[in-house]
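Here's the structure, in structure tokens; my notes come after.
The values are calculated or read from the model by the stated rules, or taken from the named source; none is laboratory data. Given the structure is predicted, the values throughout are model-derived calculations rather than measurements. Here Cβ is always computed from backbone atoms with ideal geometry, including for glycine, and neighbour counts include all displayed protein chains.
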Amino acid sequence: MDVQAVSRMRLPSFILAFFALALCLPLFAQTPALIPQPVSVQPLKGSFRLNAQTTIGYSQAAAKPAAEYLATRLKTPTGYRLPIQRQGQIQIRLNTKANPALGAEGYSLEVTPQGVRLSANAAAGLFYGVQTLLQLFPPEIESTTKVKRATWTAPALRITDYPRFAWRGVMLDVSRHFFSKDDVKRYIDRMARYKYNVFHWHLTDDQGWRIEIKSFPKLTQVGGCRVPRYGKYGYHVAPKPGEPATDCGFYTQDDIRDIVAYAAERHITVLPEIDVPGHSMAAIAAYPELSCTKDTSTRVNPGSRFVEWYGNGKFKMLIENSLNPADEQVYQFLDKVFGELATLFPSTYIHVGGDECYHGFWENDPGCQALMQREGLQNTHELQSYFLKRVEKILQAKGKKMIGWDEILEGGLAPEAAVMSWRGLEGGIQAAKLGHPVVMTPNDYVYIDLLQGDPLVEPDQTAYKRVRLQKTYTFEPVPDSVDARWILGGEANLWTEKVYSIRQAEYMSFPRAWATADIYWSPKSAKNWDNFTQRMEQHFQRADAAGCNYARSAYDAIVTAIRQDGKLLAEVTTEIKGLDVFYTLDESLPDRYSPRYTQPVEIPEGPVTMKVITYRNGQPLGKMIALPREELIRRVK
């Protein structure tokens, strides 16, 4: 197109703007949809074409695993068995002189029509660079079966990239619902694609002890089994006397070693969590002598009610689930448990929980009261601190450091402990100001077990809060009031009380864990919601190709209501821009020919149901949501 000729035609300015945009479209089309977003991307001309004759080269032995990983990932979808040799069109190498800008996890990637050059200071950087390279190819590169495709190309560009935070984690709770070894590996694989480097593994809780401890076999024989229950979690019938506990699951120590090695190959550290002194009902069911009451009728909880919640964090346990801090055999027990863990997990830290510990049984226990008097402890928070300080010494003797939830601050923080701040940012701020390392994981931003859309169309989840994707994306791990050097990074946490399968785990995790991948890796200045959603939509295609489940809840309408001049009005918004919302009030199903929402809709008196659905470019995107008038009244702001 002759732009000068067009300008001489003196067309209206809006038409000239249209032509200018059209000229830019090819450049925009080449902009890769990468998650997490790199530090720097410089587009170049042309593209690299992968074919059956492509070779993969590696310069040093330490670079070979990245080359092998790339070849394995490419083999299934393309059908190409690419040779790995010292020199290749795709060349992977470690820097002979470290690039200080890249650190231990950064990389440089250059793609040209002639070939690919990937370099890094360390093997982790090469692995992350491979993940980026794979994202440059079409979405079908994620397929688990061979794909019939004429060409496999990646756009030419130059990338310099490194993470913002050293700790980029996801937590999976396997106590509430057990996930097989293959399921755990599948979840780790999904993490690896997005440059996460910590897999926080919540292995024990009231609903199951999931790791073999050879010193205490009943932890899995008894603590790893519960009576079977189906239906809505939290409303199950409590175990009946004599009822067999046949719902079992745990990982042998060989399983643990296998998973730890599998994660390490993907540069992911496995952080084990043994939750103490609270959340220990499964351990107490196996060894009642570890509790204050020593109640031999204690059973592993199957999802039945055993706590009364009063709000503001206040609660009462109806069944004892806390270890006895005044009993020396508890510390002997933990010494052996953590001793075995230390041999299985090479991680620097071991997570000890420390959250939601009920002190009521301690307050009524003569041994606990005598200990408090002997040690000069003023309250049971200080008693819990006493317990955790002793646990820290046990871990230190095993060559490990302690990390726990922010309740470990109460009563005095153990000298060298790190803190995971989950009840907001305050615990992390407090710990950082005391000079302790902090992992930020506040529940109102990054608890990915919480509802992400309208409860009328979402799976039944813990609904005390809702964490929509856009809210997750706004999370900033470093508060203005703290020294950033104490913030190790952050996590997305998936509790599984109401997550029954790996498919549901994926649905709850993605795309919110894609958002946190951006937050923990990409520069703070790069954060842009509209840009993220555009990249996210292309990763939906990648997930489809991989057979990975995900939620499309960000497309759904957000419906609230107001009262105005005695009328009930429904208000509708969307998280993603550019969506059209159509609605009906006449019991019909809405489509693109229904009324389009442009302003608050008056809801007539009577048994009226408002139904809404979102469209874009004439195609439905969101789920249809039906809201009876009574539901809208409950939503009045």
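For segment 69-82, check the following and say yes or no: at least one residue is at pLDDT 95 or above and small (Gly, Ala, Ser).
So in segment 69-82, the residues at pLDDT 95 or above come out as 69-82.
From the residues that got through so far, the ones that are small (Gly, Ala, Ser) too are 71, 79.
The answer is yes, given that some residue of segment 69-82 is at pLDDT 95 or above and small (Gly, Ala, Ser).
Just wondering, is there one or more residues in segment 174-193 that are at positive phi and in contact with a strand residue (DSSP E or B) (Cβ under 7 Å, 6 or more places away or on another chain)? Even if it seems obvious, please write down each step before you answer.
Filtering segment 174-193 down to residues at positive phi leaves none.
No.
I'd like the residue in segment 170-181 that is part of a strand (DSSP E or B) and in contact with a helix residue (DSSP H, G or I) (Cβ under 8 Å, 6 or more places away or on another chain) and, out of all such residues, is surrounded by the fewest Cβ atoms within 10 Å (Cβ to Cβ).
Initial filter on segment 170-181 (part of a strand (DSSP E or B)): 170-173.
Keeping just the survivors that are in contact with a helix residue (DSSP H, G or I) (Cβ under 8 Å, 6 or more places away or on another chain) gives 170, 172.
Values: VAL170: 25, LEU172: 23.
Selected residue: LEU172.
Yes/no per residue for (1) free of Cβ contacts under 8 Å to residues at least 12 places away in the same chain; (2) outside the structural domain of ILE502 (by TED's automatic domain parsing); (3) within 26 Å of the chain's Cα centre (by Cα):
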residue	(1), (2), (3)
GLY578	no, yes, no
PRO604	no, yes, no
THR609	no, yes, no
GLN619	yes, yes, no
LYS623	no, yes, yes
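Looking at SER304 and the list (1) under 18 Å from LEU203 (Cβ atoms); (2) in contact with a His (Cβ under 8 Å, 6 or more places away or on another chain); (3) not aromatic (Phe, Trp, Tyr), which single condition is not satisfied?
Condition not satisfied by SER304: (1).
Is it fair to say THR132 is of a type outside the set (D, E, K, R) and surrounded by fewer than 19 Cβ atoms within 10 Å (Cβ to Cβ)?
No.
Select, from PHE338, PHE333, the only residue that is under 30 Å from ALA261 (Cα atoms) and within 26 Å of the chain's Cα centre (by Cα). Break it down stepwise before answering.
Working: PHE333 fails: within 26 Å of the chain's Cα centre (by Cα).
After ruling out the rest, the residue left standing is PHE338.
Check LYS498, LYS465, LYS524 and return the single one that is over 26 Å from GLY547 (Cα atoms) and modelled with pLDDT under 95.
The conditions single out LYS465.
Of everything in segment 269-325, what is of a type in the set (A, V, I, L, M), touching a residue at least 60 places away in the same chain (Cβ under 8 Å) and more than 25 Å from TYR349 (Cα to Cα)? Give them in sequence order.
Selection gives ALA285, ALA286, VAL300.
Could you look through segment 215-245, keep only residues that are among the small types (Gly, Ala, Ser) and free of Cβ contacts under 8 Å to residues at least 24 places away in the same chain, and pick out the one that is surrounded by the most Cβ atoms within 10 Å (Cβ to Cβ)?
GLY231
When you go through ALA154, ALA150 one by one, which is the residue that is outside the structural domain of VAL478 (by TED's automatic domain parsing) and not in a loop (DSSP other than H, G, I, E, B)? Walk me through how you get there before you give the answer.
Values: ALA150 fails: not in a loop (DSSP other than H, G, I, E, B).
Sole residue among the options that is outside the structural domain of VAL478 (by TED's automatic domain parsing) and not in a loop (DSSP other than H, G, I, E, B): ALA154.
With the structure loaded, tell me whether GLU265 is more than 28 Å from LEU383 (Cα to Cα) and either at pLDDT below 95 or surrounded by fewer than 21 Cβ atoms within 10 Å (Cβ to Cβ) (or both) or whether it fails that test. Step through it out loud before you land on a result.
On the way: more than 28 Å from LEU383 (Cα to Cα): yes; either at pLDDT below 95 or surrounded by fewer than 21 Cβ atoms within 10 Å (Cβ to Cβ) (or both): yes.
For GLU265, the condition - more than 28 Å from LEU383 (Cα to Cα) and either at pLDDT below 95 or surrounded by fewer than 21 Cβ atoms within 10 Å (Cβ to Cβ) (or both) - is met.
Given the conditions (1) within 24 Å of ILE408 (Cα to Cα); (2) over 25 Å from the mean Cα position of the chain (by Cα); (3) among the small types (Gly, Ala, Ser), and given that ALA285 satisfies all but one, which numbered condition is not satisfied?
(1)
Pull out all pairs, ordered by first then second residue, where Cβ-Cβ is under 7 Å, the residues are six or more apart or on different chains, the first lies in segment 538-549 and is on the phi > 0 side of the Ramachandran plot, and the second is of a type outside the set (D, E, K, R).
That search, which allows pairs on different chains as well, returns GLY547/THR144.
Counting only residues that are within 30 Å of PHE178 (Cβ to Cβ) and in a loop (DSSP other than H, G, I, E, B), how many does segment 508-539 have?
2
Can you list the helices (runs of 4 or more DSSP H) lying wholly within segment 299-393 that have 2 or more residues being closer than 28 Å to GLY224 by Cα? Break it down into steps so the answer makes sense when it comes.
Numbers: elements: 328-344, 360-363, 366-375.
Filter on segment 299-393 gives 328-344, 360-363.
If a residue counts only when it is charged (D, E, K, R), which strands (runs of 3 or more DSSP E) contained entirely in segment 547-637 have at least 2 such residues? Don't jump to the end; show me each part of the working.
Details: elements: 558-564, 567-573, 580-584, 609-616, 625-628.
Correct list: 567-573, 609-616.
Give the residue that is surrounded by the most Cβ atoms within 10 Å (Cβ to Cβ), with candidates limited to residues of segment 556-591 that are in contact with a Pro (Cβ under 8 Å, 6 or more places away or on another chain) and among the hydroxyl-bearing types (Ser, Thr, Tyr).
Of everything passing the filter in segment 556-591, TYR583 is surrounded by the most Cβ atoms within 10 Å (Cβ to Cβ).
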